[in-house]
1. How far is helix 35-52 tilted, in degrees, relative to the longest principal axis of the Cα atoms in the chain, given as a value from 0 to 90 rounded to the nearest 10?
2. Could you pull out every residue, at least 5 positions away or on a different chain, whose amide H is within less than 5 Å of the one on Leu136? Hs are placed 1.01 Å off N in the peptide plane, and Pro or chain starts have none.
3. At Glu95 and Arg114, where each label point lies 7 Å from the Cα along Cα→Cβ, what is the point-to-point distance in nanometres?
4. For the stretch 3-112, build the charge dipole from Cβ charges (+1 Lys, Arg; -1 Asp, Glu) around the Cα centre, then report which of Ser109, Gly31, Gly59 sits farthest towards its positive end.
5. For Glu110, Glu26, what ranking results if the residue with the fewest other Cβ atoms within 10 Å of its Cβ goes first?
6. Non-local amide H neighbours of Trp55 (under 5 Å, H modeled in plane, Pro and chain starts lacking H): which ones?
7. Given the convex hull over the Cα atoms of the stretch 16-146, what projected area results after averaging over all orientations, in nm²?
8. Of the listed peptides 75-82, 90-97, what is their order by residue-averaged count of other C-beta atoms within 10 Å, with the highest listed first?
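What follows draws every value from the coordinates through simple rules; no lab data is involved. None of the values given here were measured: they were computed from a predicted structure. Virtual Cβ from ideal backbone geometry, glycine too; neighbours counted across all protein chains shown.
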Amino acid sequence: MDHAPETNTHEQPRPIIIEIPVAWGEMDAFGHVNNVAYYRYIESSRVAFCTAVAWMPMGNQGQSGVWPILHSAQIRFRAPVVYPDTLKIIAHPREVQEDRFTLAHELFSEKQARLVAQGSGIIVSFDFSSNLKAPLPASVRERVLKLVRHGTDEGHRR
């Protein structure tokens, strides 16, 4: 699983990429991966992203301090996926604000060699000690901003 942010400032930032094998049990009565499984896929991608930018609580750390929470998520399905397959999920941040950012996800099927779904989630900075949203920690904001894609996205289909 490759999810280390690029540290060389002369190169384009690398997105966070994970690969997930499709499990037979994720299939539904219609013979393709159930829609709910896609939310788990992007959850795994989101955790890999937050880990890569050093903003993922470990153990009981999440009981206090400023950590990410998911405000909302959406997915657009482009093609059905069936077992067996492996999905490559690319995560990259967009729309970074003071207390939140949007994390975009592109899901590619290895078997079909194509984009099969796109999703996004709004990640909000939350202070678990005060139970209030909070500004993104400066170090996290800096790491997230380094991973924002600039210009047009190659291979990004709408």
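1. 40 degrees
2. Asp99, Arg100
3. That separation, rounded to one decimal, is 2.8 nm.
4. Working it through, the farthest residue towards the positive pole turns out to be Gly31.
5. Going from sparsest to densest Cβ surroundings: Glu110, Glu26.
6. Placed amide hydrogens put nothing under 5 Å from Trp55.
7. 8.4 nm²
8. 90-97, 75-82
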